Each structure stands twice: as C-alpha cells, then as structure tokens.
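The values are calculated or read from the model by the stated rules, or taken from the named source; none is laboratory data. Note that the structure is a prediction, hence the values are computed from the model and not measured. Backbone-built Cβ (ideal geometry, glycine too); neighbour counts: all protein chains shown. To get the accessible areas, we keep the full protein, side chains included, count just its heavy atoms, and leave off ligands, DNA and RNA. Shrake-Rupley method; radii C 1.70, N 1.55, O 1.52, S 1.80 Å.
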Amino acid sequence: MVNPPPEQLITPITEKRRVQILDEILACRPDEGPLRVFGYGSLMWSPCFDIVKEQVCRLRNYQRGFLIWSVFARGTPEKPGLGLGLELKEGASCDGILFTLSETTTREDLFPLWEREMWTDTYHPEWITVQVEDGFVSALTFVVSTDHLQYAGDLTISKKAAYIAEASGKYGTCHEYLSQTVAKMRELGFYDTEMEELLAAVDALKG
C-alpha cells in the first residue's frame, strides 16, 4: 500500500483477542527455560519488561524497515508517520538485541509488551532463531503482516523521509523514533545503510 489507509479502517483488536494471541504464542514455545525477546526497533532503547540479560544477536533472512503506517503512536491521520517492522527477505539479516527475561516472568508481565506491539494486528508474534556469540537460541519477536492495511510496502527513501519529518503522535515525533533507533544501533556497533540514509534524508528536511 503506497498511501496511508483511512483512519476509520484502523481499529484496535479487542482485549480478549489480544490476550488470546498471547496465550496461543506462549502455548507453542519451542523450548523450556527463560523467555527471550528479539528487539530490533524501539525495544532496543526502550524495553517494557524486566530483563536479566542482554546480548547482541543476528536474525537471518529477515529485514528491518519503516514498513508500517503510524497514525497514533508516531503520527496522526492528518500527518501519518511510519513505524519499524520486520519482514521476511531471503538472504538478508537484521542485527538486534536478545533480551532474556526472568524465569519467573508470567503471562501478565507480558501485557505491557502486548499492548504496545499488538494494539492492532499489524504485527504477528513469531518464534524465531537468532545467532548469538555462543550459538543459536529461540526468541519471540514481532513480524509485519504484509496483508494488513497499515503495511506501507516498499516506499522510496525520499517518500519515507517526507512522512517521518512531519509526523508526531502520542509517543513523540517520528524523527525522534528514527534517530534514537539509529543512535542505539551505532552504540551497539550495527551499521544499516538504509537506516543511515533515511536519517540523513530526514535531518536534511528538518534543516
């Protein structure tokens, strides 16, 4: 979708359905032990759960990008922003943070994460396998639903920059969202050409 969807078509899923999705994904955990979450966007610099360990990691065959129309968190219907999503792409890779949660973590402890990531069904939770320094482990992450109305598709850098430069929502500006994500990636030693080019383009528009 190359244009933002009409506001009235973007509706949150019900609380009942949100909890149902959580229970379904927890029921199919691939292994025992502590719960792990793969963060590739704002979770890297603003997690919403208690953490006992952080590790840099790599997810193969997925790509990070500004793929989702944001008309609430980082934009409005009048001036939509864009949000990060994870999309399947053969041969690609995405560096991020593997968060290990306490073994005492309950399903209720995950409600803030679910409220944040599963407000609509723009994402679907998945168990994926990430590579860390000493091997491979499974983790929970959120992958974009490419058939959802909020999926923005493959916009050019210039078009993404134009939306991001103007957008602001409940959680702040879209520009801040991008710049803080890139800053965290730089701090961790990650380099993402598209993210760097996008930030440079937005900075130029902002003057």
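Converting the Cα gyration tensor eigenvalues of segment 1-90 into ellipsoid dimensions via √(5λ) gives semi-axes, longest first, of 27, 19, 14 Å.
With +1 on the Cβ of every Lys and Arg and -1 on the Cβ of every Asp and Glu, and nothing else charged, how large is the dipole of segment 130-207 about its Cα centre, in debye rounded to the nearest 20? It would help to have the intermediate numbers written out before the result.
Details: 6 positive and 12 negative charges, 69 e Å.
In debye, rounded to 20, segment 130-207 gives about 340.
Compute the relative contact order of segment 19-138 as a whole-number percentage, counting only Cα pairs closer than 8 Å that sit 6 or more residues apart in sequence.
Details: 184 pairs, mean separation 41.8, N = 120.
RCO, segment 19-138: 35 percent.
Given R0 = 25 Å, the distance between the Cβ atoms of E108 and T129 translates into a calculated FRET efficiency of 0.40. In the context of the full protein assembly, M118 retains an accessible surface of approximately 0 Å², using a probe radius of 1.4 Å and ignoring ligands and nucleic acids.
Potential lengthening of the chain between I51 and A27 amounts to 6.5 nm, from the contour at 0.36 nm per residue minus the alpha-carbon distance. Once the mean of 1/r is taken over each pair of separate Cα atoms and inverted, the chain shows a Kirkwood hydrodynamic radius of 17.5 Å. Against the main long axis of the alpha-carbon atoms of the chain, helix 15-27 sits at an angle near 50°.
Over the chain, what relative contact order in percent results from Cα pairs under 8 Å that are six or more residues apart?
Working: 383 pairs, mean separation 57.8, N = 207.
Dividing the mean separation by the residue count of the chain yields 28 percent.
In this entry, segment 123-207 is assigned a mean projected area of 7.2 nm², taken as a quarter of its C-alpha convex hull surface.
Backbone geometry of segment 31-40 corresponds, through the Karplus equation with coefficients 6.51, -1.76 and 1.60 at θ = phi - 60°, to 3J(HN,Hα) couplings of 8, 8, x, x, 6, 10, 10, 8, x, 10 Hz, x marking Gly and Pro. For segment 189-201, putting each phi into the Karplus relation 6.51 cos²θ - 1.76 cosθ + 1.60 with θ = phi - 60° gives couplings of x, 8, 10, 10, 4, 5, 5, 5, 5, 5, 4, 4, 5 Hz, in residue order, rounded to whole numbers and with x for Gly and Pro. Amide H to amide H, with H built 1.01 Å from N, A167 comes under 5 Å of C174, H175, counting only residues 5 or more places away or on other chains. Taking the alpha carbon gyration tensor of segment 33-155, multiplying each eigenvalue by 5 and rooting it gives semi-axes of 25, 18, 11 Å, largest first.
Once you've got the Cα coordinates, tell me which of K89/K170; K79/K206; K53/K160; K16/K79; K16/K184; K53/K170 are over 25 Å apart. Walk me through the intermediate numbers first.
Working: K89/K170 31 Å; K79/K206 15 Å; K53/K160 34 Å; K16/K79 30 Å; K16/K184 34 Å; K53/K170 30 Å.
Beyond 25 Å: K89/K170; K53/K160; K16/K79; K16/K184; K53/K170.
Think of the chain as having a plus end and a minus end, set by charges on the Cβ of Lys, Arg, Asp and Glu; of T156, S138, I25, T156 sits farthest toward the positive end of this dipole. As I understand it, the value is the acute angle between the Cα axis of helix 174-188 and the longest principal axis of the Cα atoms of the chain; what does it come to in degrees, rounded to 10? The angle comes out at about 50 degrees.
The phi-based Karplus calculation (6.51 cos²θ - 1.76 cosθ + 1.60; θ = phi - 60°) puts the 3J(HN,Hα) values of segment 118-129 at 10, 5, 10, 9, 5, 10, 10, x, 9, 8, 10, 10 Hz, whole numbers, x for Gly and Pro.
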